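**Q** Dropping the structure in here first, questions after.
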Amino acid sequence: MNTFVNLLAVAFLFALLALPSLVGHARDLRIDRQIRRAQEARAAETTLASAQNVFDRAA
């Protein structure tokens with residue numbers, strides 16, 4: 001029984017030490033997704049604006 005309790009204690013300490021790192025990594029991934037979406041939206045707006053300028057000049 002002591003071996004099992006020791007194993008649980010080690011697993012708990014490992015999880016306790018790894019948790020902040022995992023949370024930070026998840027936060028970084030979320031921020032990266034937000035930045036990527038903003039860049040894609042900006043590129044789409046630029047493409048749309050340049051396409052409208054081309055059509056405005058042709059008319």
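**Q** Under 13 Å from the Cβ of residue 34, count the other residues' Cβ atoms, weight Lys and Arg +1, Asp and Glu -1, and hand me the total.
**A** Value of the local net charge: +3.
**Q** What is the ratio of the Cα radius of gyration of the chain to 2.2 N^0.38 Å, where N is its residue count, to two decimals?
**A** Normalised by 2.2 N^0.38 Å, the Cα Rg of the chain equals 2.45.
**Q** Ok, one more. Quick one: pull the percent of accessible area on the chain belonging to carbon and sulfur, 1.4 Å probe, ligands and nucleic acids left out.
**A** Roughly 66 percent of what the probe reaches on the chain is carbon or sulfur.
**Q** Additional query: Suppose only helical runs count, i.e. DSSP H with n ≥ 4. What mean residue ellipticity at 222 nm does that imply for the chain under -39500 (n - 2.57) per run, divided by all residues and rounded to the nearest 500 deg cm²/dmol? Provide the component values of the computation, followed by the final result.
**A** Working: 1 runs with 57 residues, N = 59.
Value at 222 nm, helices only: -36500 deg cm²/dmol.
**Q** Here's another thing I want to ask about it. Hey, what's the chain come to in accessible area per residue, 1.4 Å probe, Å²?
**A** Details: 5640 Å² over 59 residues.
I get 96 Å² per residue for this part.
**Q** Also, I was wondering about something else. Mind checking the dipole of the chain: about its Cα centre, +1 per Lys or Arg Cβ, -1 per Asp or Glu Cβ, Debye to the nearest 20?
**A** Roughly 40 debye for the chain.
**Q** I would also like to ask the following. Obtain the nm distance between the two label points defined at residue 16 and residue 4 by a simple spin-label model: each point lies 7 Å from its Cα along the Cα-to-C-beta direction.
**A** Using points 7 Å along Cα→Cβ, the separation is 2.2 nm.
The values are calculated or read from the model by the stated rules, or taken from the named source; none is laboratory data. All values derive from a computational prediction rather than experimental measurement. Note that we place each Cβ from the backbone using ideal geometry, even for glycine, and neighbour counts take in every protein chain shown. Calculation scope for accessible area: heavy atoms of the full protein, side chains included, ligands and nucleic acids excluded. Shrake-Rupley method; radii C 1.70, N 1.55, O 1.52, S 1.80 Å.
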